[in-house]
Structures are given as C-alpha cells and as structure tokens.
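To start, the structure itself, in structure tokens.
The values are calculated or read from the model by the stated rules, or taken from the named source; none is laboratory data. Bear in mind that the values here come from a model prediction, so they are computed numbers and not experimental data. Methodologically, a virtual Cβ is constructed for each residue, glycine included, from the backbone with ideal geometry; neighbour enumeration extends over all protein chains shown. Protein only, heavy atoms only, side chains kept; ligands, DNA and RNA dropped before computing areas. Shrake-Rupley method; radii C 1.70, N 1.55, O 1.52, S 1.80 Å.
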Amino acid sequence: MKKVCGFSAVVIPEEGVYSCWCPELDIASWGETPEKGLKNLKDAVKLHLSCLPHLFPSWYQYAPWPKDY
C-alpha cells in the first residue's frame, strides 16, 4: 500500500491495466501504468473531497485532512 493524499491506495495489476482503490473512501480508478493509476486515483479523491464542503458544511470544518483539496 502507498499513501495518496493521506489515504491508502491499493494497486491491483489486471489485464493490461492497473486498478487502484482507496479503501477508506471506497473510490477506485485505473491507469495503463501503476503511476498513471495512482495519479488518476488522486484526482478522483480530490474531486470527491472537493464536494464535501457543499454537502456537509457544518461537518467539514472538523475534517481530519487538509482543507486545500
């Protein structure tokens, strides 16, 4: 496992691609290389976290990750 944005990332080699999964947030992505898969996963995590202030404004101020996502 490798840390991505403070979260874990699991890289799974499949047929010609690499699936990447963040178990804490249950978000997945993929790429043609492990590095591209992790970059795509990081982008997906950032997009997910960017929605939280709009969905949970009173809770977001207590979130345990940096607010610059």
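Condition check ((1) open to solvent by 40 Å² or more (accessible area, probe 1.4 Å); (2) at pLDDT below 95; (3) under 15 Å from GLY6 (Cβ atoms)) across all residues:
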{"position": "TYR18", "(1), (2), (3)": "yes, no, no"}
{"position": "GLU24", "(1), (2), (3)": "yes, yes, yes"}
{"position": "GLU32", "(1), (2), (3)": "yes, no, no"}
{"position": "LYS36", "(1), (2), (3)": "yes, no, no"}
{"position": "LYS39", "(1), (2), (3)": "yes, no, no"}
{"position": "HIS48", "(1), (2), (3)": "yes, yes, yes"}
{"position": "CYS51", "(1), (2), (3)": "yes, yes, no"}
{"position": "PHE56", "(1), (2), (3)": "yes, yes, no"}
From the set of residues in region 1-10 that are assigned to a strand (DSSP E or B) and open to solvent by less than 60 Å² (accessible area, probe 1.4 Å), which is modelled with the highest pLDDT?
VAL10
